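Structure first, then comments.
The values are calculated or read from the model by the stated rules, or taken from the named source; none is laboratory data. Being a predicted model, the structure only gives us computed values, none of them experimental. Every residue, glycine as well, gets a Cβ built from its backbone with ideal geometry; the counts of neighbours run over all protein chains shown. Side chains included, ligands, DNA and RNA excluded: accessible areas come from the protein's heavy atoms. Shrake-Rupley method; radii C 1.70, N 1.55, O 1.52, S 1.80 Å.
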Amino acid sequence: MAGAQERDAHADPLHRPFRGVRVLDLSQEISGPYATKLLADLGATVLKVEDPEAPDPLRRRTASRQDLPDGEDSALFRFLNGGKRGASCGAGQREALLALARNADLLFENGPPGSLERRLASVAELREANPRLSVVSVSPWGRQGPYAERPANEWTLLAATGFTGRRGTPERGPIGAGGRLGDYIAASFAAVGALAALHGARHTGEGRHVDVSMFEGMLLCTTTFADLHSQFVEGLQPQYLDTPAIEPASDGWVGLSAITSQQWQDFCLMIEQPELGLDEKNLSADLRMKNLEFIHGVIHAWTRARSVEEILEQANLLRLPSAPVCDAERLLRVDHFAKRGVFVDNPHGFLQPRSPIHLSSVPDPAPRPAPSLGEHALAWPEEAGNGAPAAPSDATSLEGLRVVDLTAFWAGPFATRVLSQLGADVVKVESIQRPDGMRFVNTKPGCTPWEAGSIFHGTNTGKRGITLRLDAAESQPALRALVERADVLIENFSPRVLEHFDLSWEKLHAWNPRLILVRMPAWGLDGPWRDRTGFAMNVEQACGIAWRAGYADLPLTPNVCDPIGSLHTVTALLAALAQREQTGEGQQIEVPLVEPGLNLAAEQVLEHSAYGASLTSEGNRGPDAAPQGAYRCQQGEYLVLAVENDDQWRALGSAFPDAGLADPAWNTAAARHTHHDAIDARLAALFAELPVADAEARVLAASVPAQHLVNGHRVSPHPQLTDRGFFAEIDHVETGRSRYPGLPYVGVAGDGPSTPPPTLGEHNREVLEGELGFDRETVDAWEEAGLIGRKPAWV
């Protein structure tokens with residue numbers, strides 16, 4: 001791949017980072033299988049074990065509700081389970097399953113609380129029999145706490161985090177997002193937690209129970225640290241649309257972004273309204289929401305007169321972040337994706353996105369077939385289990401790992417925040433000429449502006465911070481000293497920036513042969529879009545996520561690609577660390593932000609190429625549960641619910657016997673999808689007469705997933721988060737004492753963040769003098785020359 005360390009095209013694919021790692025996969029649907037897919041692509045032996053009487057429901061499920069021939073598995077199942085072995089295990093084969101667990105490194109499960117115990121054994125019993133085993137449990141709320149058995153699914157959890165209530169406009173009502181993003185968020189965290197536990201077990205001989213809460217993971221990935229921001233400002237979060245965002249062109253939709261005031265002014269210049277860009281009442285997106293009808297009128301008058309390609313060409317000339325808004329057909333026509341080869345042939349006869357993780361020392365994995373039900377023996381193959389343990393130590397998780405963090409904004413800093421909380425020593429490097437731009441976003445009034453941004457605070461806890469001007473020759477000795485003692489250097493610039501700093505892979509590798517260079521460009525290190533500017537919303541517009549994430553007639557970006565891309569990057573790094581233990585050599589990693597996004601949106605290309613189906617947004621409905629929606633209750637509150645099966649439908653009818661839900665024509669899922677409008681009318685009339693708390697209590701008592709719509713600034717206090725210790729109270733010199741979120745685990749990530757985000761250049765002297773050994777006079781001279789400092793250069 002151009003711009004990356006040269007790969008040996010003939011390298012043995014068996015020599016992947018996790019060759020010899022045995023993964024027993026008892027999970028179903030998406031949240032477990034996508035995690036184990038990532039591990040299988042990195043070389044692990046994954047044995048998927050299903051009950052022949054109740055196999056994975058995803059085998060027969062399609063988003064376009066296809067009538068699959070007998071014996072044919074769905075394209076999504078085959079995508080998620082490619083490269084795995086598959087065995088059947090009935091109720092009478094418990095001892096055989098226990099034997100597999102006694103020789104496994106990892107076990108994944110995502111059934112209801114108690115299902116692992118009923119099927120196999122408790123976590124304690126499993127780990128007593130196999131101390132090195134790490135068990136990864138994924139559940140809506142986590143395996144412990146007062147909400148552990150509360151009915152919930154991905155759709156109702158979106159409402160619980162504050163995500164749904166924030167999106168859209170008051171006139172049209174709250175709107176969720178299709179595509180089961182919460183399941184992929186949980187899977188991404190599960191993969192990271194599993195590999196962190198595996199890393200620890202290889203050194204200590206002791207596995208972990210990684211208890212993953214989907215709710216907590218979604219809080220971290222869907223709300224841009226809204227709970228933290230609620231402590232910095234008063235009031236509720238209003239509904240919100242970025243402006244500009246996804247706008248109509250003459251031949252489709254185009255995605256545009258103007259996050260900074262300069263970008264807004266450049267955008268207004270592009271649409272031939274320069275005076276609009278200078279008007280103070282329109283300088284921020286929050287302000288533009290108050291004048292939305294007028295702003296949209298001006299924007300749409302310009303965009304509707306031009307094609308998508310014409311708009312993108314002009315936006316790129318001004319370096320405005322932009323992208324086409326893609327459905328499946330447009331995805332397959334994008335020249336950038338075609339030239340980078342991101343869509344590959346699945347052995348079952350359809351197209352799929354390739355693995356989003358690219359390691360320079362091994363070729364990208366080719367798609368492999370998924371197992372049919374019970375295809376393989378209930379046993380580990382002979383070639384599995386040959387991985388040698390690492391050198392013993394007392395270290396757990398990532399203690400002792402040294403990371404130089406050149407990242408900014410959200411995706412990169414979120415990745416290094418995860419590393420920090422897993423035990424790594426992260427040194428964040430900024431410059432006083434260009435501090436991390438997220439320092440200035442969502443700031444606390446009355447504080448130093450660059451020290452009180454809630455998103456910056458959320459993504460940078462637990463790190464140390466220095467400033468260093470990277471484009472100055474005088475800074476090279478300090479940077480080289482950092483790199484020579486580091487294990488990892490990570491950056492998320494566009495590719496040209498590292499070139500501008502004269503920091504090629506060859507140069508960095510010469511400085512430190514054990515260094516792992518992690519690169520997170522938006523669009524990749526090569527291809528026609530290589531040097532384009534792109535934020536997460538543009539990535540979501542281009543990869544197809546936005547197409548299914550809004551109103552039925554208006555795509556919207558959910559803004560989840562930054563943290564999900566971060567988690568894929570951490571997974572890639574953990575793989576590279578495992579490989580370095582075998583070879584002693586570092587390597588370059590490429591995880592373009594768009595490629596995890598393409599994997600999350602894979603269903604669009606899968607179903608288009610497998611069945612000729614075109615998926616679109618269904619608003620607050622979806623392909624699985626029916627009825628599903630957000631229903632207005634008394635005093636303008638909303639109840640979100642999702643009926644997943646016939647038993648839940650009958651239970652809902654019994655809970656409200658006078659609501660007219662007992663129509664026999666609605667007794668099947670297919671019928672409820674067909675008659676969704678009529679059912680919605682009944683439910684709307686029912687809930688309009690009820691307080692939301694009463695409606696929620698009655699629906700939950702019927703064991704149907706339901707959730708009152710939460711404002712993102714009112715998530716806390718929350719009994720489940722308190723019980724699981726999700727927050728840590730930390731003092732910051734500018735913003736005072738606040739609660740900061742941890743990671744969505746119990747059992748692998750310590751007790752949450754312990755140190756506040758660094759102030760600008762806070763640790764200059766500690767790192768440059770105390771650790772790297774530069775004398776005070778040299779550091780003083782750097783400060784005098786503006787190579788380092790404690791405040792922005794323009795202040």
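Candidates Arg306, Arg319: the one that is open to solvent by less than 60 Å² (accessible area, probe 1.4 Å), part of a loop (DSSP other than H, G, I, E, B) and out of contact with any Gly (no Cβ under 7 Å at 6 or more places or on another chain) is Arg306. Looking at the range 439-504, the helices (runs of 4 or more DSSP H) lying wholly inside it that each contain 2 or more residues that are of a type in the set (S, T, N, Q) and in contact (Cβ under 8 Å) with a residue 40 or more places away in the chain sit at 454-460. For the range 219-236, the tally of residues that are over 20 Å from Glu540 (Cβ atoms) and either assigned to a loop (DSSP other than H, G, I, E, B) or modelled with pLDDT under 95 (or both) stands at 6.
For the condition within 18 Å of Leu406 (Cα to Cα) and open to solvent by 10 Å² or more (accessible area, probe 1.4 Å), Arg439 does not qualify. Pro170 meets each of the listed conditions (1) more than 30 Å from the chain's Cα centre (by Cα); (2) more than 30 Å from Arg724 (Cβ to Cβ); (3) open to solvent by 60 Å² or more (accessible area, probe 1.4 Å) apart from (1). Applying the set (1) closer than 20 Å to Val426 by Cα; (2) open to solvent by 10 Å² or more (accessible area, probe 1.4 Å); (3) touching a Gly at 6+ places or on another chain (Cβ under 8 Å) to Leu515 leaves exactly one unmet item: (2).
Within the range 662-687, the residues that satisfy the criterion of being more than 13 Å from Ala626 (Cα to Cα) and surrounded by 16 or more Cβ atoms within 10 Å (Cβ to Cβ) are Arg682, Leu686, Phe687.
The residues of the range 709-750 that are closer than 30 Å to Pro691 by Cβ, of a type in the set (Gly, Ala, Ser) and surrounded by fewer than 20 Cβ atoms within 10 Å (Cβ to Cβ) amount to a single one, Ser716.
For the range 648-660, filtered to residues that are free of Cβ contacts under 8 Å to residues at least 24 places away in the same chain and either assigned to a helix (DSSP H, G or I) or in contact with a Gly (Cβ under 8 Å, 6 or more places away or on another chain) (or both), the residue that is nearest to Asn620 (Cα to Cα) is Trp649. Looking at the structure I just gave you, is Trp264 under 30 Å from the mean Cα position of the chain (by Cα), aromatic (Phe, Trp, Tyr) and not in a helix (DSSP H, G or I)? In short, no. Checked against (1) touching a Phe, Trp or Tyr at 6+ places or on another chain (Cβ under 8 Å); (2) assigned to a helix (DSSP H, G or I); (3) at pLDDT 95 or above, Ala522 meets all criteria but (2).
Here Thr396 fits the description: among the β-branched types (Val, Ile, Thr), at pLDDT below 95 and closer than 30 Å to His457 by Cα.
Name the single residue that is nearest to His209 (Cα to Cα) among those in the range 78-120 being of a type in the set (D, E, K, R) and part of a strand (DSSP E or B). The qualifying residue nearest to His209 (Cα to Cα) is Glu109.
Yes or no, residue by residue, for (1) in contact with a helix residue (DSSP H, G or I) (Cβ under 8 Å, 6 or more places away or on another chain); (2) aromatic (Phe, Trp, Tyr); (3) at positive phi; (4) modelled with pLDDT under 95:
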| residue | (1), (2), (3), (4) |
| --- | --- |
| Pro389 | yes, no, no, yes |
| Ser420 | no, no, no, no |
| Gly423 | no, no, yes, yes |
| Val426 | yes, no, no, no |
| Val429 | yes, no, no, no |
| Gln433 | no, no, no, no |
| Ala452 | no, no, no, no |
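Among helices (runs of 4 or more DSSP H) entirely within the range 531-641, having at least 3 residues that are surrounded by fewer than 24 Cβ atoms within 10 Å (Cβ to Cβ) singles out 561-583, 602-611. When residues in the range 322-349 are screened for being open to solvent by less than 50 Å² (accessible area, probe 1.4 Å), over 23 Å from Asp251 (Cβ atoms) and in contact with a Lys or Arg (Cβ under 8 Å, 6 or more places away or on another chain), 4 of them pass.
Checking the condition farther than 18 Å from Phe535 by Cα, of a type in the set (A, V, I, L, M, F, W, C) and modelled with pLDDT of 95 or more, which residue from Phe337, Phe343 passes?
When all the criteria are applied, what remains is Phe343.
Given (1) of a type in the set (Ser, Thr, Tyr); (2) farther than 18 Å from Val403 by Cα; (3) open to solvent by less than 30 Å² (accessible area, probe 1.4 Å), identify the lone condition not met by Thr467. Condition not satisfied by Thr467: (2). Being more than 14 Å from Gly178 (Cα to Cα), in a loop (DSSP other than H, G, I, E, B), of a type outside the set (A, V, I, L, M) and at pLDDT 95 or above is a property that Glu644 has. Residue-level check: of (1) of a type in the set (A, V, I, L, M); (2) out of contact with any Asp or Glu (no Cβ under 7 Å at 6 or more places or on another chain); (3) open to solvent by 10 Å² or more (accessible area, probe 1.4 Å), Ala194 misses just (3).
Selection of the range 699-715 for residues being over 30 Å from Val233 (Cα atoms) and out of contact with any strand residue (DSSP E or B) (no Cβ under 9 Å at 6 or more places or on another chain) yields Ala701, Ala702, Ser703. Within the range 357-374, residues that are within 23 Å of Val49 (Cα to Cα) sit with their Cβ atoms under 7 Å from residues that are aromatic (Phe, Trp, Tyr) and at pLDDT 95 or above, at 6+ positions apart or across chains, in these pairs: Ala370/Phe77.
Here Pro146 meets the list (1) closer than 30 Å to Ser307 by Cα; (2) open to solvent by 20 Å² or more (accessible area, probe 1.4 Å) almost entirely, failing just condition (1).
Just give me the residues in the range 219-243 being open to solvent by less than 10 Å² (accessible area, probe 1.4 Å) and within 13 Å of Leu556 (Cβ to Cβ), in sequence order. Correct list: Thr243 only.
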